[in-house]
Amino acid sequence: MFNIHDPYLFEDELAEDDRMIMEAAREYCQANLEPRALRGNQDEIFDPEIPKEMADMGLLGASIAEEYGGGGASQTAYGLIAREVERVDSGYRSFMSVQSSLVMVPIEKFGTEEQKQQYLPKLASAEMIGCFGLTEPDHGSDPSSMVTRAVPTDGGWVLNGAKTWITNSPIADVAIVWAKVKEEEKDVIRGFIVETSWKGVSTPHIKDKMSLRASETGELVFQDVFVPETHMFPEIRGLKGPFTCLNSARYGIAWGTVGAAEFCYERSRTYVGERKQFGHPLAANQLPQTKLANMLTDITTMQLLAWRLGQLRDAGKVDPAMISLAKRHNVGKALDIARIARDMHGGNGVTGDYRVIHHVMNLESVNTYEGTYDIHGLILGREITGIQAFVPKG
């Protein structure tokens, strides 16, 4: 029988461990996150109990080594978790992705053994919340032009600058911060682990967002912050560090948006089946049927693309351009599906109860962060042509 949720049966091909993690994440998200989703979005609330709940379920740092408190799970399993969380709310997935990919991954990959032991177990258990400081008020898609700077001082560094649109910053205990330092008369980007309780660190809250309203979003402001030498990543230099983190997060987004699209498709299928106009269900008409067919076709390509990307990451065969392709495609298609779903719901589509407009607005942010649709198009264009087109010529 044709499966109207998973037409090419990719879930049948999952490893048993991955399937168990997916099912546990789905059960938690539907039982614990879904009942909070409407109020969280409408009232701009991130329930402070969620991090500990996710930690207890093993959803934070799922792919981080078990010796550091992580789950030691596959990259595919991490993606499946992102899918289930974003099926409820992109804001919840953003929290989980930042904690797992943008904070724990750089510490595991670039940190000293002491840094790993000090921070990773506490991040995995949600004893500490983390955030990632790269984007600046005047430098979004061009992080190489950042102005945040660290200058050497006795025993460490003095950090000054500001970062914005930082998920988790208002509730964060620790931040991964990228700043320029002077090495051999050249500016070099280095990474630091900064605790938000330190003198000179502030985390102003960005309020009144129309998107990702359940996400804690803010700034990171540094005014003469002393950072001990022990809190710099010792070897990583340049944009390779932050881009490694971003590629991990972009991979999670490629999976997460599958969940958002699936929600909108399922809600639309139910709605047109129940809603009667002119004496028969809307589903009996050609246009709704065609729209659902288009949604399912796009969702199937999204599922297979994310699944294959997970296989390649697990095999160590991923190129960053592959992740750009998947992030760009899946977010773009999810946003299209959400917008069509809103239209299919008519006037009801703009109400919170149906939660379709909720996903539309969230996906507008997902389409922007971790590299916009067009920026990823330029990344792919560079790979295709061999020509860098990010900066004006002449």
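Every read-out reported here was derived from the displayed coordinates using simple, explicitly stated rules and does not represent laboratory data. All values derive from a computational prediction rather than experimental measurement. Using ideal geometry, Cβ is built from the backbone for each residue, glycine included, and neighbour counts are taken over all protein chains shown.
Worth pointing out:
- Cα-based equivalent ellipsoid of segment 131-236: semi-axis lengths in Å, sorted from largest, via gyration tensor: 24, 15, 10
- For the chain: relative contact order, % (alpha-carbon pairs under 8 angstrom, 6 or more apart): 17 percent
- The distance between label points at W198 and I4 comes to 5.6 nm (points 7 Å beyond Cα on the Cα→Cβ vector).
- Working from Cα pairs under 8 Å separated by at least six residues, relative contact order for segment 10-129 is 29 percent.
- Scaling the Cα radius of gyration of segment 235-378 by the globular reference 2.2 N^0.38 Å produces a ratio of 1.20.
- Loop chymotrypsin sites (Phe, Trp or Tyr not before Pro), segment 1-93 (other Cβ atoms within 10 Å of the site Cβ: 13 or fewer; DSSP): F2, Y8
- Amide hydrogen neighbours beyond the local backbone of E136, cut-off 5 Å, H modeled: T164
- 3J(HN,Hα) from dihedral phi, segment 372-381, Karplus parametrisation 6.51/-1.76/1.60, rounded to Hz, x for glycine, proline: 5, 3, 6, 4, 5, x, 5, 4, 5, x
- ³J(HN,Hα) computed for each position of segment 308-317 - Karplus, 6.51 cos²θ - 1.76 cosθ + 1.60, integer Hz, glycine/proline x: 5, 5, x, 4, 5, 5, 5, 8, x, 10
- Dividing the summed helix terms, -39500 (n - 2.57) for each DSSP H run of n ≥ 4, by the number of residues in the chain produces a 222 nm estimate of -15000 deg cm²/dmol to the nearest 500.
- Degrees separating the helix 113-124 axis from the principal Cα axis of the chain, which is the longest one: 30 degrees
- The distance linking segment 339-394 with segment 23-83 is 24 Å (Cα centroid to Cα centroid, whole angstrom).
- Bins of 5 Å, starting at 0 and running to the largest distance - Cα pair percent for segment 10-129: 2, 12, 23, 23, 18, 12, 7, 3, 0
- Pairwise Cα inverse-distance average, inverted: Kirkwood Rh of the chain (Å): 21.6 Å
- Note on the chain: GNM, Cα springs under 10 Å; of W198, W255, W178, the largest mean-square fluctuation is that of W198.
- J(HN,Hα) series, segment 45-61, from Karplus relation 6.51 cos²θ - 1.76 cosθ + 1.60, nearest Hz, glycine and proline x: 10, 10, 4, x, 7, 4, x, 5, 4, 4, 4, 5, 7, x, 8, 9, x
- Between amide H atoms placed 1.01 Å from N, distances below 5 Å from C131 occur with V174, A175, I176, all of them 5 or more places distant or on a separate chain.
- Between 0 and 90 degrees, the angle of helix 75-88 with respect to the longest Cα principal axis of the chain falls at about 60 degrees.
- The calculated FRET efficiency for D12 paired with R237, based on their beta-carbon distance and R0 = 51 Å, is about 0.70.
- Cα-Cα P(r), segment 177-261, percent of pairs per 5 Å interval: 3, 11, 15, 17, 19, 17, 10, 6, 2, 0
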